[in-house]
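Taken together, the values in this text are just the output of simple stated rules run on the coordinates, not laboratory data. Since the model is a prediction, treat every value here as computed from it, not as a measurement. Backbone-built Cβ (ideal geometry, glycine too); neighbour counts: all protein chains shown.
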Amino acid sequence: MSQLIDIAALEDIPPQGARVVRTPQGCVAVFRTADDRVFALDDRCPHKGGPLSEGIVHGTSVTCPLHNWVFDMATGQAQGADSGTVATHAVRVEGGRILL
């Protein structure tokens, strides 16, 4: 995505929660951490296609709801013994608004 779009207010996503944004490139999961950092990943686990937006956010990681794969939200890399990567997307917060 070349131009950032305003998708929501930071407060629209609960701490340790997510929101799905549909883009021409597919669905993107936008996550908010407990300390208000924001990350964006493809909303599809590379293992079995699980919806990462429905996973558990802990620290800067998210756990896939289907088979418990854990991904670093900053890099998209699978953690632990699992291997794989989910695409990350540029996201930032300006004036309390999330831009993707």
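Taking a ≥ b ≥ c as the square roots of the Cα gyration tensor eigenvalues, with a/c under 1.5 meaning rounded and otherwise prolate when a/b beats b/c, else oblate, which class fits the range 6-95?
Details: a/c = 1.84, a/b = 1.44, b/c = 1.28.
In terms of gyration-tensor shape, prolate.
Using a 4.7 Å cut-off between beta carbons, which cysteines in the chain end up with no partner cysteine at all?
C27
If packing is taken as the mean number of other Cβ atoms within 10 Å per residue, what is the order of 10-16, 52-58, highest first?
Working: 10-16: 13.7, 52-58: 19.3.
Taking the mean over residues of other Cβ atoms within 10 Å, the ranking is 52-58, 10-16.
So what is the relative contact order for the chain, in percent, with contacts set as C-alpha pairs under 8 Å and at least six apart?
On the way: 216 pairs, mean separation 26.3, N = 100.
Answer for the chain is 26 percent.
Please report the net charge: other residues with Cβ closer than 12 Å to the Cβ of C27, K and R +1, D and E -1.
Numbers: positive: R19, R22, R44; negative: D42, D43, E54.
That works out to 0.
So who's got an amide H within less than 5 Å of the one on T23, skipping anything under 5 residues away but keeping other chains? H placed 1.01 Å off N, in plane.
Residues meeting the criterion, in which the H sits 1.01 Å from N, are V28.
Along the charge dipole of the chain, pointing to its positive end and built from +1/-1 on Cβ of Lys, Arg, Asp and Glu, which listed residue (C27, F39, V57) has its Cα farthest out?
C27
One-quarter of the Cα convex hull surface for the range 12-60, in nm²?
Mean projected area of the Cα convex hull: 3.4 nm².
To the nearest 20 Debye, how big is the dipole of the chain about its Cα centre, given +1 on the beta carbon of each Lys and Arg and -1 on that of each Asp and Glu? Can you show the working numbers first?
Numbers: 8 positive and 11 negative charges, 38 e Å.
In total the dipole reaches around 180 debye.
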